[in-house]
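Notes follow the structure.
Nothing in this text is a laboratory measurement; each read-out follows from the coordinates by a stated rule. Quantities reported herein were computed from a predicted structural model and do not represent experimental measurements. Please note: Cβ atoms are built from the backbone with ideal geometry, for glycine as well, and neighbour counts cover all protein chains shown.
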Amino acid sequence: NVAPTETTTYTVTAFSLSGNNFEDDSVIVTVNEIPVANAGEDTSICFGNITTLTASGGVTYLWSNGQTTQSISVNPTETTTYTVEVFENNCSSIDQAQVTVNALPETNAGNDISITEGATTILTASGADSYAWNTGETTSSITVSPNTITTYTVTGANSNGCELMDEVIVTIILDDITANA
């Protein structure tokens, strides 16, 4: 039994029973370099998004999810560690990459409302760290005075960079009352 750390030639000499005649033979044990697996960088995504992991260091690949391509697209619903085993010259090694799944904000633009013609109302969004309305305003509350039925959208963002949009519809109630003295 041998366990060389580098390619080595082993020679054996055989003698006859009388000890006079001999013959040599040799065998070369080639030591292949172990590939260095790299599963790629750890990454973060927002819930529902897809990311691509790309491995390197081998000729063939086997991911923990059963895929055998160098690059895989994943969309985990929770933080997940993916392992890849890379193979080259009948040798292998493994590496891991973690995909952290960040939660989306619970953006809420409020309930749909009705206002009388010419009136103003305040719309207030909640559930996120910052807001961007389709009006261009970036505060959680905005004052609107639409002339017709209007849909206002707000994109809420969390500090982790994840965003979620919601909308509120403002309906106009026409004033059909006519004063008569």
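Dividing the Cα radius of gyration of region 28-72 by 2.2 N^0.38 Å, with N the residue count, gives 1.54.
Which of the peptides 143-149, 66-72 is most tightly packed, and how do the rest follow, judged by the mean count of other Cβ atoms within 10 Å per residue?
Numbers: 143-149: 12.0, 66-72: 13.6.
Ranking, from highest mean packing down: 66-72, 143-149.
3J(HN,Hα) couplings calculated from phi for region 51-66 with the Karplus curve 6.51 cos²θ - 1.76 cosθ + 1.60 (θ = phi - 60°) are, in sequence order, 9, 10, 9, 10, 8, 8, x, x, 9, 10, 9, 9, 8, 5, 8, x Hz; Gly and Pro show x.
What is the antiparallel percent of DSSP beta bridges lying wholly in region 1-151, to the nearest 5? Restricted to region 1-151, the bridges split so that about 90 percent are antiparallel. Our analysis of region 1-65 gives Rg over Rh at 1.43, with the two radii drawn from alpha carbon positions and Rh computed by the Kirkwood formula. Per-residue Karplus couplings for region 81-94, computed as 6.51 cos²θ - 1.76 cosθ + 1.60 with θ equal to phi - 60°, are listed in order as 9, 9, 10, 10, 10, 9, 10, 7, 6, 6, 10, 8, 8, 10 Hz, Gly and Pro entered as x. Couplings 3J(HN,Hα) for region 124-133, derived from phi with the Karplus relation 6.51 cos²θ - 1.76 cosθ + 1.60 (θ = phi - 60°), are 10, 8, 8, x, 9, 8, 8, 9, 9, 8 Hz, where x marks Gly and Pro.
What is the log10 of I(q)/I(0) for region 39-181, computed with the Debye formula using one identical point scatterer on each Cα and no solvent, at q = 0.15 Å⁻¹? Scattering profile of region 39-181, log10 relative to I(0): -0.79.
Other residues within the sphere of radius under 13 Å centred on the Cβ of F47, judged by their own Cβ, net out at -3 (K and R +1, D and E -1).
The longest stretch of the chain left intact once loop-based GluC sites (Glu not before Pro) with at most 10 other Cβ atoms within 10 Å are removed from consideration, loops following DSSP, is 79-181.
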